[in-house]
Amino acid sequence: MWATKTRFELLVGLAWELRTVPVTTALLMPGNGEAVLWVTSAGGRQEAVLAAITPGERWRLMWRGRPLDPEPLTAVARRIAADL
């Protein structure tokens, strides 16, 4: 359960930082799965940001197939905004 809660907290924090850039997001919380953050581009296309834990128990955010260190989330938000 700790991984689910940590994943949720990490994605909510990123969504909050993306608001300041500004980028529109939607957090999907399925009843029987893990949270996914959807980012909307200027053209309306939605792309997923995933949070995954490595075998060494470090968290990584996955954006367009690239792993990103989640520290600090402000830098991740700027990187995602620059890619849109």
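Bear in mind that the values in this text are calculations on the coordinates, not laboratory data. Here the structure is a predicted model, which means the values were calculated and not measured. All Cβ positions, glycine included, derive from the backbone under ideal geometry; neighbour counts span all protein chains shown.
Read phi for every residue in the range 7-12 and hand back ³J(HN,Hα) as whole Hz from Karplus 6.51 cos²θ - 1.76 cosθ + 1.60, θ = phi - 60°, with x for Gly and Pro.
Ordered by residue, 3J(HN,Hα) equals 4, 4, 4, 5, 5, 5 Hz.
So, in nm, how far is label Ala26 from label Ala48 when the simple model puts each one 7 Å beyond its Cα toward the Cβ?
In this crude label model, Ala26 to Ala48 measures out at 1.5 nm.
Over the chain, what is the relative contact order in whole percent, taking alpha-carbon pairs under 8 Å and six or more residues apart?
Worked out over the chain, it gives 25 percent.
Could you tell me what % of all Cα pairs in the chain have separations over 19 Å?
For the chain, the fraction of Cα-Cα distances above 19 Å is 31 percent.
Place a point 7 Å from Cα of Asp83 in the direction of its Cβ. Which residues in the range 29-44 have their backbone N less than 19 Å from it?
Zone members listed by number: 35-44.
Extending each Cα 7 Å along its Cβ direction at Arg19 and Ser41, get the distance between those two points in nm, one decimal.
Here the answer is 2.5 nm between the modelled labels.
In the neighborhood of Leu11, defined by Cβ-to-Cβ distances under 12 Å, what is the net charge if each Lys or Arg adds +1 and each Asp or Glu adds -1?
It works out to a net charge of -1.
How large is the helix-only mean residue ellipticity at 222 nm for the chain, computed as the sum of -39500 (n - 2.57) over DSSP H runs with n ≥ 4, divided by its residue count, in deg cm²/dmol to the nearest 500?
It lands at -11000 deg cm²/dmol.
Each residue of the range 17-24 in turn: what ³J(HN,Hα) in whole Hz from Karplus with 6.51, -1.76, 1.60 and θ = phi - 60°, glycine and Pro shown as x?
Calculated HN-Hα couplings, in order: 5, 5, 4, 6, 7, x, 10, 7 Hz.
With θ set to phi - 60°, apply the Karplus curve 6.51 cos²θ - 1.76 cosθ + 1.60 along the range 55-64 and write out the HN-Hα couplings as whole Hz, x wherever there is a Gly or Pro.
My calculation for the range 55-64 gives x, x, 6, 10, 8, 9, 9, 10, 10, 6 Hz in order.
Of Thr54, Thr74, Thr24, which is the most mobile in a GNM of the chain whose springs link Cα atoms less than 10 angstrom apart?
With Cα springs under 10 Å in the chain, the top fluctuation among Thr54, Thr74, Thr24 is at Thr54.
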